[in-house]
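Colleague: My structure is below; once you've seen it, I'll send some questions.
What follows is calculated from the coordinates using simple rules that are stated; it is not laboratory data. This is a predicted model, so every value here is computed, not measured. Neighbour counts are summed over all protein chains in view; Cβ atoms, including those assigned to glycine, are modelled from backbone coordinates with ideal geometry.
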Amino acid sequence: MQSNNQCNEQPEVFANISEFWSIQLNNEIYLRNHKNVVRGSKQYFDIILTARKKYLYYLGDVINYLKTIPSRNLLEVGCGMGTDALVFAKEKFHVTGIDLAPGHLELAERLFNLYHESGIFRYGNAENICFSNQTFGCVYSLGVLHHTPDTQKAINEIYRVLIPGGRAVIMLYNKFSLNNFAHWITRRGFENAKGQTDAPVTQRFTKREILAMCSNFHSCNISVEYLFGAGWGKFYDFMPRYIYRFLSKWIGWHLVIYLQK
Ligand SMILES: C[S@@+](CC[C@H](N)C(=O)[O-])C[C@H]1O[C@@H](n2cnc3c(N)ncnc32)[C@H](O)[C@@H]1O
C-alpha cells in the first residue's frame, strides 16, 4: 500500500473536479419529472436505480464478462453514488469504490445501508490508486476516466492493481458519436451543474486512441453503445428500440472497453 500522504497529495485540478462532482450528482437527471423527492431517501434511490436499469441496458453484458474469472474482488473507480456497485454487490462481488467527490461517497454509503449490502467506499484518485499492485480480480469504471486530466495514467493504474488475468471494463465517451456532434452544434456543455457550465474536464476518444492507451493489456475489445440517454428527453422514448440499438452500435456515445490483463 502506498503511504496516505502520497495518496492525498492532489494538484488543484482534482480539488475542482471533487467540488464539481459533489454538487453535480449526475443521476439526478432521472428525477427531473419527480418533484419533492428527498435526496438520499429510499424513493430517491428507487427512481434512480429503475432509470439506470432502463438506460444502461448493457450492464448485464459487463457483469457476465467480469463473472467469467473466479475472483469476485472488484474495484469501482469513480463509483459516484454507488448505483452500479450495488448491482455488483447483489451479484456477489466484494465491492470497493473510490471517488474524488465526498458528496457522492456519502450517498453510496447510504444506498448500501438502505439496501442491506456491504461495500467499502473511500476517497481516492483514479490517477493514483491507493492499493498495492495486483489487489483486484476485476476493475469497473463507467463514465469517469474522460473526466480526469490524464486518462492514460488512470488506465495504467487500473492495469497495476489488477491481478494477472484480471478483467476490467471501462466506459469512455466516443468522439465519433451523434451525441458529441449534437453538443458541438448546439454549443451545450456535457455536464451542467447549478451555476456552472460544465465539468472541469470532459474528454472524448476514438477507438484507435483507446487501443493505443490499452496496449499493455493482453486483450482489448471495444463495443459501441448508448446512442443517447435521458438528456434527450422524449426522443429516447419515441425512437423505436431497434433503430436506437442499430444506431448505438454505429454512432453511440459510450465506448465500452473490455480488457484482460
Ligand atoms: C459522471 S460521474 C459517474 C459516476 C458513476 N460512475 C456513475 O456512473 O454514476 C463521474 C464521477 O467521476 C469521479 N471522478 C472524476 N475524476 C476522478 C478521479 N481522477 N478519480 C476518482 N474519481 C473521479 C467524479 O467525482 C464523479 O463522481
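Colleague: Taking the alpha-carbon distance from Lys53 and a cut-off under 13 Å, which aspartates and glutamates remain once sequence neighbours fewer than 8 residues away in the same chain are dropped?
Modeller: Asp61, Asp84
Colleague: Still on this structure, please answer the following. Using alpha carbon centroids, what distance separates segment 196-261 and segment 10-52, in Å?
Modeller: Rounded to whole Å, the Cα centres lie 21 Å apart.
Colleague: Also, I was wondering about something else. Rounded to two decimals, what is the ratio between the C-alpha radius of gyration of segment 4-260 and 2.2 N^0.38 Å?
Modeller: Its radius of gyration relative to the 2.2 N^0.38 Å reference: 0.96.
Colleague: Just the C-alpha atoms of segment 34-167: what Rg/Rh do they give, with Rh taken as the Kirkwood radius? Mind dumping the intermediate values first?
Modeller: Details: Rg = 14.6 Å, Rh = 15.2 Å.
For segment 34-167, the value is 0.96.
Colleague: Right, another one. Please identify, among Val77, Val201, Val37, the residue showing maximal mean-square fluctuation in a Gaussian network model of the chain using a 10 angstrom Cα cutoff.
Modeller: Result: Val37 has the largest fluctuation of those listed.
Colleague: Turning to a different aspect of this structure: Put +1 on the Cβ of every Lys and Arg and -1 on every Asp and Glu Cβ in the chain; which of Leu172, Thr50, Ser141 then has its Cα farthest towards the positive end of the dipole?
Modeller: Farthest towards the positive pole: Thr50.
Colleague: When you count, for each residue, the other Cβ atoms within 10 Å and take the mean per peptide, how do 40-49, 140-149, 160-169 rank with the highest first?
Modeller: 140-149, 160-169, 40-49
Colleague: Based on Cβ point charges of +1 for Lys and Arg and -1 for Asp and Glu, what charge dipole magnitude is obtained for the chain about its Cα centre, in debye rounded to the nearest 20?
Modeller: Here the size comes out at about 920 debye.
Colleague: Hey, which of these cross-link pairs are over 22 Å Cα-Cα: Lys54/Lys207; Lys92/Lys153; Lys153/Lys261; Lys90/Lys175?
Modeller: Check vs 22 Å cut-off fails for Lys54/Lys207; Lys92/Lys153; Lys90/Lys175.
Colleague: Here's another thing I want to ask about it. Note down the Stokes-Einstein diffusion coefficient of segment 89-170 in µm²/s, whole number, using a Kirkwood radius over alpha carbon pairs, 4 °C, and 1.567 mPa s.
Modeller: Taking Rh from Cα pairs, D becomes 96 µm²/s.
Colleague: Shifting gears a bit: Tally the DSSP beta bridges in the chain and give the antiparallel ones as a percent, rounded to 5.
Modeller: 45 percent
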